[in-house]
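A quick write-up on the structure given underneath.
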Amino acid sequence: MTEGRVTVVVITHNRCPELLRTLGRLRELPERPRVIVTDNASADGTADAVARHFPEMTLLRPGRNLGAVGRNLAVERVRTPFVAFCDDDTWWDAGSLRLAADVLAPRPRLAAVGARIVVEPSGEDDPVVAELRDSPLSGPPWLPGPALGSFLAGATVMRTDAFREAGGFHPRLWLGGEEELLATDLLSRGWWIAYVPALTVHHAASLVRDPTARRVTGLRNTLWFTWLRRPLAPAVRRTAHLIRTVPKDTASARAFLQAAAGLPWVLRNRHPVRPELEERIATLERARRHSPARRYVG
């Protein structure tokens with residue numbers, strides 16, 4: 001049952017035990033996909049462990065922490081029409097990669113399909129699943145599921161050509177909410193993104209994480225995306241809403257200061273979306289305000 005249409009890309013940094021578990025799960029998949037691992041300059045022996053235990057997998061060692069751009073580096077080596085992104089603490093369910101390829105292949109304007117995320121070890125749906133399932137966006141009748149305005153990199157299979165056309169993940173955003181800019185640039189180019197609940201990804205959240213640092217970059221990237229792609233009035237409203245609603249603490253202050261420091265770059269690269277796409281972004285924004293998966297906490 002070798003699946004020759006999908007390559008799995010994994011990025012990692014200092015999470016050796018979690019990564020080895022994930023790679024073991026990927027090795028066991030009946031599809032037997034090619035796997036490319038980008039080790040973002042881990043200092044815990046991750047790269048050597050991958051080379052030793054998974055010699056059949058392609059290992060990239062860029063020598064520094066590229067964040068999400070480590071995925072771009074891996075996609076440069078992808079030769080299949082589809083690429084499945086995977087975090088070092090997530091893994092794909094058996095059969096999902098083949099089904100994703102079956103869904104994407106006959107739909108040439110479908111850029112990506114998102115999967116249902118199951119939290120391990122409880123087996124419950126991640127809170128974001130309800131947001132994906134109940135997406136308020138409409139789309140063409142040929143979509144295989146609800147239309148989405150963004151995606152989760154650790155639970156998405158994407159058309160390789162679409163990823164490259166949109167430029168991949170932006171290096172300035174690094175890691176944390178980096179998907180929103182790429183998704184919007186895909187939609188601006190006429191691509192579609194859909195949720196397919198029959199696809200499943202398992203997520204056993206790593207204990208080796210800094211939730212505060214992730215919150216800082218996530219909030220900063222939300223601000224940068226808002227200023228880069230949204231028209232002036234919605235951008236001002238969104239910024240004001242964030243000022244009112246995010247926690248009043250040092251982490252939020254750091255995020256706003258980092259975002260403000262990037263304003264010269266933002267203004268040079270600002271390209272507001274068309275009105276019809278802004279309407280879709282605004283619709284998602286209203287829906288997400290009540291989502292338990294959208295909280296700047298940690």
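Quick note: the coordinates plus some simple rules give every number you see, no bench work behind them. Since we're looking at a predicted model, the values are computed, not measured. Here the Cβ is made from the backbone with ideal geometry for all residues, glycine too, and neighbour counts use every protein chain on show.
For the chain, the 222 nm mean residue ellipticity estimated from helices alone, with every DSSP H stretch of n ≥ 4 adding -39500 (n - 2.57) and the total spread over all residues, rounds to -12500 deg cm²/dmol.
Could you state the angle between the C-alpha long axis of helix 250-261 and the longest principal axis of the C-alpha atoms of the chain, as a value from 0 to 90 degrees rounded to the nearest 10? Taking Cα atoms only, the helix is inclined about 80 degrees. Sparsely packed loop sites in the range 93-190 (the GluC sites (Glu not before Pro) outside DSSP H, G, I, E and B with at most 14 other Cβ atoms within 10 Å) do not occur. Along the axis of the charge dipole computed for the chain (Cβ charges of +1 for Lys and Arg, -1 for Asp and Glu, origin at the Cα centre), the listed residues 205, 190, 269 are led at the positive end by 269. Short-range pairs are left out: with C-alpha atoms under 8 Å and at least six residues apart, the relative contact order of the chain is 19 percent.
The stretch between residue 237 and residue 27 holds 70.9 nm of extra length on full extension. This uses 0.36 nm per residue minus the Cα-Cα distance.
Working note: Cα atoms of the chain, range along each principal axis, descending, whole Å: 51, 46, 38. For the range 201-217, list residues with backbone N below 12 Å from a point placed 7 Å from the Cα of residue 172 toward its Cβ? The answer is none. Near residue 148, the amide H atoms lying under 5 Å from its own belong to 193, 194, 195; only residues 5 or more places off or on other chains count, and H is placed 1.01 Å from N.
Take the Cβ atoms of residue 138 and residue 52, set R0 to 51 Å, and the FRET efficiency comes out at 0.55.
In Å, the Kirkwood hydrodynamic radius of the range 61-168 over pairs of distinct alpha carbons? That comes to 15.1 Å for the range 61-168. Relative to the longest principal axis of the Cα atoms of the chain, helix 211-229 runs at roughly 60 degrees.
Computed from Cα atoms, the angle from the helix 232-245 axis to the main principal axis of the chain rounds to 80 degrees. Summing +1 for each Lys or Arg and -1 for each Asp or Glu among the other residues whose beta-carbon sits under 15 angstrom from that of residue 270 gives +4.
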